[in-house]
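Worksheet: the structure to be examined is printed underneath.
The values are calculated or read from the model by the stated rules, or taken from the named source; none is laboratory data. Computed from a predicted structure; not experimentally measured. Note that each Cβ is placed from the backbone with ideal geometry, even for glycine, and that neighbours are counted across all protein chains shown.
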Amino acid sequence: MKTCARTERRLGKYASGHLSPGEREAIMTHLRDCPSCRAGETRWQRLLAAASAGKLDLDRAMTGIDWEGLAQRIADEAERRAAGRRARPEPRPGFFGWLVRPALAYLFVGLVLGGLGMWAVFKAGVFNPKPRPGFYASAEFLDKAELELARRETVDYLERSQYLLLDFSQTSVDSSGAARRIETASGKAVDLLARKKFINSQLDAVPMAKAREICDQIEALCLELSQVGGRLDDAQWREIQDRVRRSQLLLKINLVKKELQSHEI
Amino acid sequence: MRYKLQKSIAIGILLAAGLALPAISQDRPEDRFLREAKLLIFDAQWAAALDKLESILSQYPASPATPQVLFYKAECLSKAPNRAKDALRAYQDYLKTDDRNESLIEQAEVSIIDLSFDLYASGDKDAVKDIVGRLANPNKSVKYYAAYKLSAVKDKAVAAKSIPVLQRIISTETNPELTDRARIALLRVSPKSLENAERHEVRRPDEPRTKVLRILITGEGTSRVDLSIPMALADLALQAISDSDKAMMRRKGYDLDRILRDLARSGGSILEIRGAEGEGIIKIWIETRK
C-alpha cells in the first residue's frame, strides 16, 4: 500500500518524463504488478495529451514567471517567519521539522504549476468544449467527405442506369409506343450524363476504382442514347442491346453497387 | 390553280426527300465506321478508335457526321497519355461546328474544364482561364461544374472566384447533392463565405439561427478531429470519420441513424461515445448560432 501511495504521488512526473532513471525503473516495476496504479498512469497520459493542445499557452504563461525571483521570495519569506519564531520562545522542532520548510516551498511551486496546467487544459476545451466561431474542417476531412458524397452519388448513378438499361433491353423497336420509350430513355441518359461529371474526379480514388470502368461504359451508352431523341433504327437498337448483354453490364452494376453500399457505417 | 398545283408538288417532293434522307444517311459508309469506332470506345480501346475516327475525317471531310466524329476524337485524345492539349483543341474544334446536340456540347464544355484543371495542376497557369471563363456559361450545369472545379485549385485567390456561384447554388438549388457539394467546396475555399450563405438561406421566421454540428475526437491511438460544419453535412461528416473510430462506434451500438436520432433528442447536450481503454472519446453536439 505504501508503495502505491508513493507511486501515485510520482505518476505525474513519471508520465511527463521528469524522473531519474532509477526512480523510473522502480515505478515501471511497480506498474507491471499493480492494475490500480496502471489505471492512474493512463489517466495522467490522457491529461498530458490533452494538455499538449494548450502547451503554447502554458509556455507563454511559464515564460512570464520570474523563477529566480520566485525562489528568492519563498526563501526570504521562510527566513522572515523563522526569524519571527526565533524571537518568540519556540518549541523544539520535531523529528521531521527540518523537512517541512522546503516541502512547503515545493508544494507551493507545485500548486502554481498544477494550476497553470489545469488552466491550459480547460482552455483547450477538453472537458467543457466551448463554441468556436465559424465553420472549420481539415483538408483531409473535406477530401473524405467528398469521397463519401461521390460513393453515394455513384450508387445512385448505378441504380438509375440499371433501371434505364433494364427498360431499354426489354423494349422491342417495333413494339407499340417504342418511339416514346426511346425518347424517355434518351432524356434519362441526358440526366445520367449530368450526374456522371460530378463523380468523375473521385472515381480515380482507390475505393472507387472498380466503379470507374463500369461508369465509363454506361457513360458511352448514355452519350449515344442522348443523341437519338425518339429515332433509333432496328440495327442501332439491336447493337446497343447486344453491347449491354455482351459486356454483362447489368451484372457488373449489381456487383459494384453492392460493394459500394457495404461501406456505410 | 396551276400555281397551287405546282406548290403542292414541290411540297410533296420536299416531304418525300425529307423522309427518305434519314434512310439514305443510315447507309453512309462513314456512319458505319463511326458506329464501329463507338464500339471500340465502349470497350475502352481508345487508340484503335482514334485511328478509325481520324481515317473517317480524312476520307469524308465534308460528311454530316463530321461534328460527331470530332467529338469522339476529342474523347479518345482525352484518354490518351500526354495528349491533353490535343484533346482540348479537339473539343474546341467540335464546339465551333454547327452541331446543336445539347448533350454533346455540354459534355465537351465539361471535358474542357477537366482538361484545363489537369493542365493547370501540372504547371500551365494560363489553363485556368478556360475554367474561370465558364463561370458565366449560360448552361447551369457547365457553370456549376466550373465553380466546383475552380474551388479545388490550390491558388486561393483564383479559387475564390468560384465563391459567388457556390453561394448561389446553396441559396437557390434544392438538390441536396448539388448543395452539399457546394458547402464542401466553400468550406475548402472560404468558410466565412459558407457562413454568410447559410445565414442568408431562406428560413422560417421561427427558426432564425444556424445549426452547427461539432465533432471532437480525442484520446490515444485515435486521430484528433475537430470539426465545426453546417448541420446539413451531418451524415456526410459522420461517414467521413476514420474507419477505426467508425468501428468503435459500431461496437458501442451506434449507427448513423442512432447518432442522428440521439442528437435530435439531446437538445444541445453532448453525445459522448467512450471507447475501450486506449481508444479515445468521440463527442458530438449541435450548437445554434445567430
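Elements of the type helices (runs of 4 or more DSSP H) sitting completely within the stretch B:105-172 and holding at least 1 residues that are more than 13 Å from the chain's Cα centre (by Cα): these cover B:129-133, B:156-159, B:163-172. The condition of being within 12 Å of chain B (Cβ to nearest Cβ) and either surrounded by fewer than 21 Cβ atoms within 10 Å (Cβ to Cβ) or within 11 Å of A:Ser161 (Cβ to Cβ) (or both) holds for only one of A:Gln236, A:Gln248, that being A:Gln236.
Which is at pLDDT 95 or above, away from chain A (no Cβ under 14 Å) and more than 24 Å from A:Arg246 (Cα to Cα), of B:Ser55, B:Ser63? So that I can check it myself, show each step before the final result.
Working: B:Ser63 fails: at pLDDT 95 or above.
It is B:Ser55.
From the list A:Arg180, A:Arg152, A:Arg212, the lone residue that is over 22 Å from B:Leu39 (Cβ atoms), assigned to a helix (DSSP H, G or I) and at pLDDT 85 or above is A:Arg152. Scanning the stretch B:260-290 for residues that are within 9 Å of chain A (Cβ to nearest Cβ) and without any contact (Cβ under 8 Å) to a residue 40 or more places away in the chain yields a total of 2.
On inspection, B:Val189 passes the criterion of being crowded, with 20+ Cβ neighbours inside 10 Å and more than 27 Å from A:Ala189 (Cα to Cα).
The residue that is nearest to the chain's Cα centre (by Cα), counting only those in the stretch B:236-251 that are exposed (fewer than 14 other Cβ atoms within 10 Å of the Cβ) and charged (D, E, K, R), is B:Asp243. For B:Asp255, indicate whether it is within 35 Å of the chain's Cα centre (by Cα), under 30 Å from A:Arg38 (Cβ atoms) and within 11 Å of another protein chain (Cβ to nearest Cβ). For B:Asp255, the condition - within 35 Å of the chain's Cα centre (by Cα), under 30 Å from A:Arg38 (Cβ atoms) and within 11 Å of another protein chain (Cβ to nearest Cβ) - is not met.
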